Each structure stands twice: as structure tokens, then as C-alpha cells.
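All remarks here apply to the structure that follows.
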Amino acid sequence: MSEFKKVSRTENYSEWYNYIVDAAELAQHSAVKGCMVIKPYGYAIWEKMQADLDQRFKATGHSNAYFPLFIPKSLFEAEEKNAEGFAKECAVVTHYRLKSDPNNKGKLIVDPEAKLSEELIVRPTSEAIIWSTYRGWIQSYRDLPILINQWANVVRWEMRTRLFLRTTEFLWQEGHTAHATKEEAIVETKQMLEVYAAFAEDIMAMPVIKGIKTANERFAGAEDTFCIEAMMQDGKALQAGTSHFLGQNFAKAFDVKFTGKDGKQDYVWATSWGVSTRLMGALIMTHSDDEGLVLPPKLAPIQVVIVPIFRSEEDLASITTKVMEIKKQLEYKGVSVKFDNRDTLKPGFKFAEWELKGVPLRLAIGMRDIQNNTIEIARRDTKEKKSIAMDHLVEEVGSLLTDIQENLYQRALKFRTEKTKIVDSKEAFLKVMDEGGFALAHWDGSSETEEKIKEELKATIRCIPLDNRQEAGFCFFTGKPSKERVVFARAY
RNA sequence: CGGGGUGUAGCGUAGCCCGGUAUCGCGUCUGCUUUGGGAGCAGAAGGUCGUAGGUUCGAAUCCUGCCACCCCGACCA
């Protein structure tokens, strides 16, 4: 943050991204490979996301619970597809004790005598441990549905990591529900997708496409995977949340049956759904600019920062009196306010710093304002600055915060709309991919074609949009008939 | 896991080819002057040169192993 180096989004997008994460003090690399330290300011944003999502989960009837970090290998392997899908990225605990190295003073070695009889898998996702537990909870249709969410950390040993977007350990929530009927489980799956979409759009100000994944992109162990897909400012896609209809796969794997009203036994129907700290990456890449982070008011830990402009201590004292009054009024209205009264930094420095941190509104107040009963108000999203009468401040702040929230959404939507192209040829397709953006193209529906497109054109089907318009056409790649267009993009 | 690159004070760096105990900027600390868009002057502190070995009278510099990180692929939320 000491450096005034500026990195341009257009010149080098990933360098810019790293710069924002670092400069806005959101997170940093840790002493552990692939794992990040989420710094207080970054964590405050995550906490606001959590708080809003948590309330939405509860409003739809879910309760929070907590299941273990470790999963015995025998449970983990029970659902074959799920196990296979995650096997190559699992951290495994094999021992439970260390001891002093007899050959190397002050060093420790794994005690070979403390080998576990059964290895423990550090959860990459919790279906296995949860469904092994649900077996004991469910006997009758009266025990259903089970609607549980857990806030947790998971570990996926990825080859290449990036702060927030893909780290070895990450924070998330995972909902795991059990239902008596297929229909009810599907309704749940779709409902949670709607919850995610509403959160993304209303709170993150990030437009998303709701859709369904193709078989290739489906969650390991799911019958269907629904997702929300967002477009980042480089035109690449980011999967922002998923909701899975798991069918009876886990119920069968863990033998979870219930007796229905009719006295007959059947396997339970399942869903799972999750969003992660990856949303932090999505938030950054959707709104921020070359000046730094840009936060939607609904997620900003500090919504309004007040910078005093003073020459003497007496000036600061009288400004402070006024500021305290303003702060109280704004806080009464539910606005979070920070008074930056550090006396060792010049106003210009503070302006730049708070812009870097994405604070939506900045107020500047000096002796001139005190005399004129005015105050300067500057918005982060458009950089507009104006002097207003002090008497109108509270309502002005309220309406500007609302306006910024809306403007960020509209700006992102406009960007996505402009970068989404209807494509009917390989050439046009490649052009869109190279420029960055979504291509709406016909696809013949086969996994083989999808695979070939991925290899040759480096793009994947992000989703088949829900309520997609049916339109006869021909696959842009194979020429075979197709009944609808799907969303293609290069993805994170 | 493949290709490329980097590691020197809190951060960013020079020095490395051609071995002689480390340069500069930012930040930090003290003092004074400043404060409506990233302050100025003066002084000060701060470094096992990623790590472990090796060569040498002497290693940031040469050699070997290891580790970490970044970028590009493959894999993935």
C-alpha cells in the first residue's frame, strides 16, 4: 500500500487483480502453500456476505449445524462418483502424533507407531459425513425434510491457486437437505439457486445467468447441477454458486431409507448447494477499477468515510464536534461511518487510500464548510464530487448509497450484455473468446463435441440457461441439429 | 504435473556475468514546518542477501540440492 504503483485492468488483468487484493488489504499468501490469510478488511466483507446469506437460508427454513472436518476413508468412498471426482485432490491424515527426531535435535518426525488404522480424509465437501449421519436421523416420512446448512472450511488440493478464486483451503457454506419425494428435492434445488441469484444481484450487484450444467460439468455424484454464472471484467466467466439435485445417489450409498405414509420403504432424495469465498473474487472482478476496489454499499464494511480538512488543532476540534453530530445521524439511519481523524496524513492521501478500499461514499469537511454549512460528498463508483448543504446530508447519503448499489448492477449488466454475442461459426466463436465474453451458440448436445470444443477452442459450456428460448439451429462446431443455444465462455 | 520467471530491511529494488561484508526509493521512528487530491526539510533505526550444503583466505555473487511465490498450460469452485 506504500507504493503508488497503479496497475491497469486492461493491460494485465491478473496482475491488476493481485494488486487489488493486496492493496485493499483483503488477503495475502500465507506460510502454507496455496492457503491464504484473509485480512480483517477482507474478512469483514465476507462476514457481510455470510450474514445476508445466512438470513436467507433461515428465511427458507434451514438451520445451521456442524459436521466434522475429517471423513473416514471408508465413508468417503461410499458414493463412487463423488469419491472418484474428488479423490485426486484430497488431503489425507495418516498419523496422529509426532515425536522428536533422534537424529536431528530440535526437529520433529512423524511417529511411525502412531499410524491410523484407517486414514482420514480432510473434507473437500461434506456429503459423505453428513449422509452417514442422516442415516441415523431418518426412519419415517415424519423425519423429513431435513434442511441443514453448515458454514465450514474445506480443502481441495488444487495444482494452481489464486487468492480467493482458488485456494487449497477455502471457506464456504454447504446446504444438505433430505426429502421424501423427488419433486420436493428438485423444488429445493431450484429454490436455493434463486436464493443465490437474488443474493448475487441484489447484494453483490452482480448480474448472473441461472442455468443448468451439462453432464461434463456436473458435480461428482449429482443428477443435475444448477449454477449461477457471472461475467468478469475481462470477459471470462466465473461460476459463482451451485445447487445440486443429488437424486437418491447418497441415500443409496449410505442406505438412508424412510417409511412413507403408505408403509412402503424408499430411499431419501437429496440436494446440496454452496457458495464460497470465491465470491470475494467475483466481487472484486465485477466492479473494481484502476483506482482500487469498488464495493457495493450493501457489502461495504464502511459505507461512508469522513475526512476532516484542518490546519490547526482548534480547527480539528470544531470539525470533530460537527462530524460526531453527522456520524450519529447517519448511524441512526443504519449507515456505517468511519471518521478518519488521523493527524499525520494529508487529505489527498486519505482520499486515495479510501478509494483503494472501495468505500462507496466519502465526505470531506473543513472550516470553509463549517462556516457555509456545507459538506463535500464524493461517490466511489463514478468519482463524482459535489458540495451540498449540510441540512440535506442524511437524505443525500441515503439516496446516493441506493443509487450506487443500483448503478453498479446496471453497469455490470450493460457490460455483460455488450460482451454477449450470438455466434454461429467457429471464426465468430473464437473472436468472442479472444476478445473476452460469452458466446450464445448452438451445440449438438453431445459430451464428445463439448470435449472437442474445450480442447480446440479452450472454452466450456458455462450453462444451459433456465427458461432458455427454444430455437432450432445447427451446432456451430459439428453442424448437427440443435434445439437451443447455450452459453460458452472461457472460465476461471 | 509441463514450460518460463523471481526470491536482497515492512514493501519495491541495485549489486551477481567479472567473489572482498550491500545501493536507492517508499514506509517506520524523532523534531520542526505543513494539511480542500498521494507534503517538505533535518536526523535516526532497520539486513542470518529464501534455505541447506559445497568451492574459496574470503560467497548476495560461483556450484549442487531443497523450499516458496508469480506468469502461461493441463485440472478445478
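The values are calculated or read from the model by the stated rules, or taken from the named source; none is laboratory data. Fair warning: this is a prediction, and the values are worked out from it, not measured in the lab. In this analysis, Cβ positions are derived from the backbone assuming ideal geometry, glycine residues included, and neighbour counts consider all displayed protein chains. To get the accessible areas, we keep the full protein, side chains included, count just its heavy atoms, and leave off ligands, DNA and RNA. Shrake-Rupley method; radii C 1.70, N 1.55, O 1.52, S 1.80 Å.
Here is how the numbers come out for the structure above:
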| quantity | calculated |
| --- | --- |
| Candidates A:Ile453, A:Ile388 - the one that is among the aliphatic types (A, V, I, L, M) and either within 25 Å of the chain's Cα centre (by Cα) or in the same structural domain as A:Val337 (by TED's automatic domain parsing) (or both) | A:Ile388 |
| Every residue from the range A:156-200 that is of a type outside the set (Lys, Arg) and assigned to a strand (DSSP E or B) | A:Glu169, A:Phe170, A:Leu171, A:Trp172, A:Gln173, A:Glu174, A:Gly175, A:His176, A:Thr177, A:Ala178, A:His179 |
| Extreme residue, nearest to RNA strand B (Cβ to nearest atom), among residues of the range A:343-362 that are open to solvent by 20 Å² or more (accessible area, probe 1.4 Å) and in a loop (DSSP other than H, G, I, E, B) | A:Lys346 |
| Candidates A:Gly445, A:Gly398, filtered to the one that is touching a residue at least 12 places away in the same chain (Cβ under 8 Å) and under 29 Å from A:Met204 (Cβ atoms) | A:Gly398 |
| Selected residue (criterion: most open to solvent (accessible area, probe 1.4 Å)) from residues of the range A:305-327 that are outside any strand (DSSP E or B) and near RNA strand B (Cβ under 8 Å from one of its atoms) | A:Arg311 |
| Considering residues of the range A:18-43 that are modelled with pLDDT of 80 or more and near RNA strand B (Cβ under 7 Å from one of its atoms) only, the residue farthest from A:Leu356 (Cα to Cα) | A:Gly34 |
| Members of the range A:480-492 that are away from RNA strand B (no atom under 16 Å from the Cβ) and assigned to a strand (DSSP E or B) | A:Pro481, A:Ser482, A:Lys483, A:Glu484, A:Arg485, A:Val486 |
| Sole exception among (1) over 21 Å from A:Ile302 (Cα atoms); (2) open to solvent by 60 Å² or more (accessible area, probe 1.4 Å); (3) more than 6 Å from RNA strand B (Cβ to nearest atom) for A:Glu384, by number | (1) |
| Single residue of A:Glu113, A:Glu183 found to be closer than 24 Å to A:Lys81 by Cα, open to solvent by 20 Å² or more (accessible area, probe 1.4 Å) and out of contact with any strand residue (DSSP E or B) (no Cβ under 7 Å at 6 or more places or on another chain) | A:Glu183 |
| First in the range A:181-196 and in the same structural domain as A:Met49 (by TED's automatic domain parsing), second anywhere and at pLDDT 95 or above and part of a helix (DSSP H, G or I), Cβ under 6 Å, 6 or more apart | A:Val195/A:Arg56 |
| Cβ-Cβ under 9 Å pairs, at least 6 apart or on other chains, the range A:150-162 side closer than 13 Å to A:Arg123 by Cα, far side open to solvent by less than 50 Å² (accessible area, probe 1.4 Å) and within 6 Å of RNA strand B (Cβ to nearest atom) | A:Asn153/A:Phe170; A:Val154/A:Phe170; A:Val154/A:Ser276; A:Val155/A:Phe170; A:Arg156/A:Thr167; A:Arg156/A:Phe170; A:Trp157/A:Gly34 |
| Matching residues, the range A:363-381, being part of a loop (DSSP other than H, G, I, E, B) and either more than 14 Å from A:Leu293 (Cβ to Cβ) or within 7 Å of RNA strand B (Cβ to nearest atom) (or both) | A:Asn373 |
| Where a residue in the range A:11-38 is in contact (Cβ under 8 Å) with a residue 40 or more places away in the chain and its partner, wherever it lies, is more than 8 Å from RNA strand B (Cβ to nearest atom) and of a type in the set (Asp, Glu), with Cβ under 6 Å and at least six apart | A:Tyr13/A:Asp234 |
| Unmet criterion (only one of (1) within 16 Å of RNA strand B (Cβ to nearest atom); (2) crowded, with 18+ Cβ neighbours inside 10 Å; (3) within 30 Å of A:Ser14 (Cβ to Cβ)) for A:Phe477 | (1) |
| Residues of the range A:285-319 satisfying the condition of being β-branched (Val, Ile, Thr) and over 17 Å from A:Arg362 (Cβ atoms) | A:Thr286 |
